[in-house]
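The structure under discussion appears below in the form of structure tokens.
The values are calculated or read from the model by the stated rules, or taken from the named source; none is laboratory data. If you're wondering where the values come from, they're calculated on a predicted model, not measured in any experiment. Neighbour counts run over all protein chains shown; Cβ positions are idealised from the backbone, glycine included. The area values use the complete protein model at the heavy-atom level, side chains included, leaving out ligands, DNA and RNA. Shrake-Rupley method; radii C 1.70, N 1.55, O 1.52, S 1.80 Å.
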Amino acid sequence: MSILILAEHDGQALKPATRRVVGAASSWTLPADVLVVGSQAVAREAAQLAGIRQVLHLECDAVPVAEELAPLLVELMHEHSVLLAAHSSLARDVLPRAAALLDVAMIGDAVRITGPASYVRPMYAGRLLAKVDSRDAIQVVTVRAPLFTPVGDAPAVPIQTLPALTGSATTRRIAANQQVSERPQLASARVVVSGGRALGEQFDTLLAPLAETLGAALGATRAAVDAGFAANELQVGQTGIVVAPGIYLAVGLSGAAQHLAGMSDSDVIVAINQDPDAPIFKVADYGLVGNLFETVPAVTRAIRQLQERQA
Amino acid sequence: MKILVAIKRVLDANVPVRIRADGLDVEISGARMSINPFDEVALEEAVRLKECGSASEVLAVALGAAVNQDILRHALALGADRAVQVEAPAGLQPLGVAKLLQAVVAREQPDLVLIGKQAVDDDAGQEGQMLAALLGWPQATFVSALQIENQALQAVREVDGGTETLALPLPAVVTADLRLNEPRFIKLPSLMLARKKPIEALSADALGVDLAPRLSVKALSEPPARGAGRLVADAAELVECLQIEGRRLEIKELS
């Protein structure tokens, strides 16, 4: 049997997470096919992913809604025994639906794959790790992509074109609002600068320059988002995006369990906070206690000076 | 229009999580339990839809042991018209729950099922999608705004990098993000009244649903604690540390 990997893209290019999901697939010693629901260009890019057998390509402008995509996955699983994807909003929407249609369980957000049907996944906002075995003949799995090693490129494998969908869905997507940003994508950034409610109205004026000097993505706590200081799509945590960058700079955020769930796998955590007792200092590798409105600009300035000296 | 809201009883999000002595589950005996916060948001939305005239009846459903009655009382106090307790064995898994809810939907014939997008205990986030699949209904997941007009839904979903808006016909399944609303504070008189309302009982056996577990938990553990870090004196020292870690990061990526 073989693995079917649901690729993710932004319309033009593969998302970096897909390379990591292909990396995760090597935990099984099975051939892996990558499903691209999107443009020719993305299918061609996917064909060069190292270690895969072939690309299955369904040409379409926008990814179909779950109601329509799930039956396609079910159809393709006649030929595969593992359905694998990143733990993204797309996969979290469609994979459970496909799993139920297949009458199998789904393993969500696996952080380790320890056997052909054995996984480790977080529960309780990452406060516990569960070692879970599945008894189903078909495995449906999402993985926490940042924790797996990405694959590089290789000579292109064949692309098999799939017949167009019949358009049976009763659901219509009537608007899509993707935030475009010059900054790296939060989910795959090497460095993330993240802020909490304590930054208030100065969230952007303080953090955007710091993020820019570091070439970092911006993130935020739910409290900062709910208070209107940061945009929705920046939310890191149990209910937002899970990140594991090389460096996570936590600014003015206390470190609630729900937030830690989204960033505690980061390599290095740096915390800046005015409260020396903030729980974030318990998980931080480096901590700086100080007034945010003075400290953050000082850090930004110091980095710029360093960069100018090195230039 | 009738709305069914499925609610789950979970360890209160603010109490410490302790592993049971056998290492296979979480110790909940004696611990404070509450309604899953996402389900409470779903319930609040259903009650608001009724208050604005879009819905005529709100039914709250809980699965599991009889102790679930406390969250059903909470649901009645918040504004649900009826509460149904489906007696079921402990250790239900998402697919089994979806099958039980499918059986309840077949009996109750709701036009809309509202449910939290995830439960804060297992963080699975699969229930609404699995139920929609089994029912063959359309779904809108991670919803942060909801409108109903002419027997159709318009739902704003939170997706990676932004939002999207779906239009879907009823019946449908909607899963609630925390941002959908802020549940009301329940006043004491409502709680007192809710105590007198009946809770209907069903049993999983009578519904004839296959609840065989598909997953088995082999062990629970706490994630390795991060080593104690160090406090730096000022911005300059912090930037030095960042520089060292930045270099280490580059070396790691090259290797």
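By how many nm would the segment from A:Gln54 to A:Gln305 grow when fully extended, if each residue of separation counts as 0.36 nm and the alpha-carbon distance is taken off?
85.5 nm
What percent antiparallel are the DSSP beta bridges of chain B, to the nearest 5?
40
Let me check I've understood the local charge: for B:Leu76, count other residues with C-beta under 10 angstrom from its C-beta, Lys and Arg +1, Asp and Glu -1. What total comes out? Could the numbers behind the result be given before it?
Details: positive: B:Arg73, B:Arg82, B:Arg195, B:Lys196, B:Lys197; negative: B:Asp81.
The answer is +4.
When the helices in chain A are scored as -39500 (n - 2.57) per DSSP H run of 4 or longer and the sum is shared across all residues, what 222 nm value do you end up with, to the nearest 500 deg cm²/dmol?
Value at 222 nm, helices only: -8000 deg cm²/dmol.
Quick one: work out the % antiparallel among DSSP beta bridges in the range A:3-161, nearest 5.
30
Could you tell me whether the protein assembly as shown comes out rounded, prolate or oblate from its Cα gyration tensor? Rule is a ≥ b ≥ c as square roots of the eigenvalues, rounded for a/c under 1.5, then prolate if a/b exceeds b/c, otherwise oblate. The partial results should precede the final answer.
On the way: a/c = 1.65, a/b = 1.24, b/c = 1.33.
Taking the square roots of the gyration eigenvalues as a ≥ b ≥ c, the protein assembly as shown is oblate.
Mind telling me which of B:Leu168, B:Leu180, B:Leu242 comes out most flexible in a GNM of chain B, alpha-carbon contacts under 10 Å?
Sorting by GNM fluctuation, first place goes to B:Leu242.
What order do B:Thr165, A:Thr170 take when sorted by accessible area (1.4 Å probe), most exposed first?
I get A:Thr170, B:Thr165, largest accessible area first.
Can you sort A:His78, A:His87 by 1.4 Å-probe accessible area, starting with the largest?
Per-residue accessible area, sorted high to low, gives A:His78, A:His87.
Counting only heavy atoms of the protein chains, get the accessible area per residue of the range B:2-207 (1.4 Å probe) and round it to a whole Å² value. Write down the numbers at each step before the final one.
Numbers: 8050 Å² over 206 residues.
Accessible area per residue: 39 Å².
Using a 1.4 angstrom probe on protein heavy atoms only, which residues from the range B:212-226 are buried by at least 20 Å² of accessible area when all chains are present rather than their own chain alone?
B:Pro213, B:Arg214, B:Leu215, B:Ser216, B:Val217, B:Lys218, B:Ala219, B:Leu220, B:Ser221, B:Pro223, B:Arg226
Dipole of the range A:3-161, Cα-centred, from +1 at each Lys and Arg C-beta and -1 at each Asp and Glu C-beta, to the nearest 20 debye? Display every interim value, and only then the final one.
Details: 13 positive and 16 negative charges, 163 e Å.
Charge dipole of the range A:3-161: 780 debye, to the nearest 20.
Long-range amide H contacts for B:Ala119: which residues qualify at under 5 Å (H placed 1.01 Å from N, peptide plane, sequence gap of 5 or more or a different chain)?
HN-HN under 5 Å from B:Ala119: B:Ala124, B:Gly125.
Report for chain A the percent antiparallel among DSSP-assigned beta bridges with both residues inside it, nearest 5.
If I count the DSSP bridges inside chain A, around 20 percent turn out antiparallel.
Any chance you could check the range A:205-234 for residues losing 20 Å² or more of accessible area when the partner protein chains are in, compared with the chain on its own (1.4 Å probe)?
Going by heavy-atom accessible area, the residues of the range A:205-234 that drop by at least 20 Å² are A:Arg222, A:Asp226, A:Asn232, A:Glu233.
Give me the accessible area of A:Ser27, 1.4 Å probe, in Å² rounded to the nearest 10.
A:Ser27 exposes around 60 Å² with every protein chain in place.
In debye, nearest 20, what is the charge dipole magnitude of the protein assembly as shown about its Cα centre with +1 on Lys and Arg Cβ and -1 on Asp and Glu Cβ, if you could check?
Numbers: 50 positive and 64 negative charges, 153 e Å.
Result for the protein assembly as shown is approximately 740 debye, rounded to the nearest 20.
Return the single residue from B:Gly91, B:Gly53, B:Gly30 with maximal mean-square fluctuation; model: Gaussian network over chain B, springs between Cα atoms under 10 Å.
B:Gly30
Tell me which of B:Gln118, B:Ser56, A:Ala156 sits at the most positive position along the dipole axis of the protein assembly as shown, charges placed on C-beta atoms (Lys, Arg +1; Asp, Glu -1).
Checked the options; the winner is B:Gln118.
Identify, among B:Ser203, B:Phe185, B:Ser216, the residue whose Cα sits farthest towards the positive end of the charge dipole of the range B:171-217, taking +1 on the Cβ of Lys and Arg and -1 on the Cβ of Asp and Glu, with the dipole about the Cα centre.
B:Phe185
Note the buried accessible area between B and A here, summed over both chains, with a 1.4 Å probe, in Å² to the nearest 100.
Numbers: alone 14710 and 15610 Å², together 23590 Å².
Looking at B and A, the buried total is near 6700 Å².
Send over a whole-number figure in Å² for the accessible area per residue of chain A, probe 1.4 Å.
Heavy-atom SASA per residue in chain A reads 40 Å².
Quote the charge dipole size of the range A:186-310 about the Cα centre in Debye, to the nearest 20; the model charges only the Cβ of Lys and Arg (+1) and of Asp and Glu (-1).
Details: 7 positive and 12 negative charges, 33 e Å.
About 160 debye.
Would you calculate a helix-derived [θ] at 222 nm for chain B, using -39,500 (n - 2.57) for each DSSP H run of n ≥ 4 and dividing by the full residue count, to the nearest 500?
Details: 7 runs with 82 residues, N = 255.
So the helix-based figure for chain B works out to -10000 deg cm²/dmol.
Taking +1 at the Cβ of each Lys and Arg and -1 at the Cβ of each Asp and Glu, which of A:Tyr286, A:Leu14, A:Thr170 sits farthest along the dipole of chain A towards its positive end, judged by Cα position relative to the Cα centre?
A:Tyr286
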